[in-house]
Amino acid sequence: MTENIGFIGLGLLGMPVAANLLQAGYALTVYNRTPEKAEPLVAQGALQAVRPADAVTTGGIVVTLVWDDEALEDVVKSEDFLERLGIGGIHVSMSTVSPDTGRKLADLHARHGSVYVEAPIFGRPEAAAARQLWIPIAGPQEAKERVRPLLEAMGAKGIFDFGEEAGSAVLVKLIGNFLIVSAARSLEEALGIAERGGVDPTAAVNMLTSTLFTAPIYQNYGKMIAEKSSISESKIPQKDVGLLLSAAQNAQVPAPLSSLLLDMLENGDRSRT
């Protein structure tokens, strides 16, 4: 915990993850495009960087948790970022991006002597605050071993190793998000049919999620949908299903369900995630 960690991206998920690091005793230098978002962390002892490179320590670890491929590339290609990270430095990317972007950035880091590690997050902000995150990881073995304590301090309940090839961990994340969106959309449709057919949707979902469908996704989303609880709208499903479909097309793998789901999302018939 003696080295200073750089943390870039303080959105809904980045904020509680960064706060976990501070609470675990890590020294942090944080950067966010909207500087005001860093104020709660600065009040807890974090330093604030004025540009991405200023969050980087030569030979150290910098974490990014930004919105998409473009935002991630903008950070990596920003002035002095890779030069300052230097030989032995590790960039832990926790963003959900395309496998192609992961491979491209891994190559770019290697040419500068640094290492790129993928560690996208499964978990909502409240799960991060409760330290109940699931994290697939991919990258060089030595680097993964070095950052594992950091991921645990961020709130990882489980870390799953998908080898050294960049693109592997983010592909798992995209697959997982596709299954989550599919489950939520299926529940919404099925419980709507149940209600119109005179069946209590809460009773139906309680029975199904305590017997055949005991996964937390079915239980949590099923309860919210049955009780008509407010579920925040998000652009994440459309973005991530689109990335998975692109990955399937690049691999020349048929993906009819991904295509259908993306069409629904693009036309406003969105799964309420």
Output the number of residues of the range 65-89 satisfying the condition of being under 18 Å from Ala138 (Cβ atoms) and either in contact with a Phe, Trp or Tyr (Cβ under 8 Å, 6 or more places away or on another chain) or not assigned by TED's automatic domain parsing to the domain that holds Arg148 (or both). 1
Considering only strands (runs of 3 or more DSSP E) fully contained in the range 21-114, which possess at least 2 residues that are of a type outside the set (Val, Ile, Thr)? 27-31, 90-93
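If a residue must be part of a loop (DSSP other than H, G, I, E, B) and buried (at least 19 other Cβ atoms within 10 Å of the Cβ), how many such residues does the range 1-20 contain? Give the derivation first.
We begin by selecting, within the range 1-20, every residue part of a loop (DSSP other than H, G, I, E, B); these are 1-3, 9-13.
Then keep just the ones that are buried (at least 19 other Cβ atoms within 10 Å of the Cβ); that gives 9-10, 13.
Count: 3.
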Would you confirm whether any residue within the range 149-163 is under 24 Å from Leu243 (Cα atoms), in a helix (DSSP H, G or I) and aromatic (Phe, Trp, Tyr)? no
Restricting to the range 22-43, name every residue that is out of contact with any Gly (no Cβ under 8 Å at 6 or more places or on another chain) and over 20 Å from Ala53 (Cβ atoms). Gln23, Ala24, Gly25, Glu36, Glu39, Pro40, Ala43
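So if I check each of Gly167, Gly163, Gly198, Gly242, which one is surrounded by fewer than 19 Cβ atoms within 10 Å (Cβ to Cβ) and touching a strand residue (DSSP E or B) at 6+ places or on another chain (Cβ under 9 Å)? Step through it out loud before you land on a result.
Values: Gly167 fails: surrounded by fewer than 19 Cβ atoms within 10 Å (Cβ to Cβ); Gly198 fails: touching a strand residue (DSSP E or B) at 6+ places or on another chain (Cβ under 9 Å); Gly242 fails: touching a strand residue (DSSP E or B) at 6+ places or on another chain (Cβ under 9 Å).
Every option except Gly163 fails the conditions.
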Qualifying positions in the range 217-244 - in a helix (DSSP H, G or I), free of Cβ contacts under 8 Å to residues at least 24 places away in the same chain and either among the hydroxyl-bearing types (Ser, Thr, Tyr) or in contact with a Phe, Trp or Tyr (Cβ under 9 Å, 6 or more places away or on another chain) (or both): Gln219
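Could we say that Thr214 is of a type in the set (Ser, Thr, Tyr) and in a helix (DSSP H, G or I) here? Let's see the steps before the verdict.
Numbers: of a type in the set (Ser, Thr, Tyr): yes; in a helix (DSSP H, G or I): no.
No, not satisfied.
With respect to Glu145, is the statement that it is among the acidic types (Asp, Glu), over 16 Å from the mean Cα position of the chain (by Cα), more than 28 Å from Ala251 (Cβ to Cβ) and in the same structural domain as Ala49 (by TED's automatic domain parsing) true?
Numbers: among the acidic types (Asp, Glu): yes; over 16 Å from the mean Cα position of the chain (by Cα): yes; more than 28 Å from Ala251 (Cβ to Cβ): yes; in the same structural domain as Ala49 (by TED's automatic domain parsing): yes.
Yes; evaluated as a whole, the condition is true for this residue.
The values are calculated or read from the model by the stated rules, or taken from the named source; none is laboratory data. All values derive from a computational prediction rather than experimental measurement. Backbone-built Cβ (ideal geometry, glycine too); neighbour counts: all protein chains shown.
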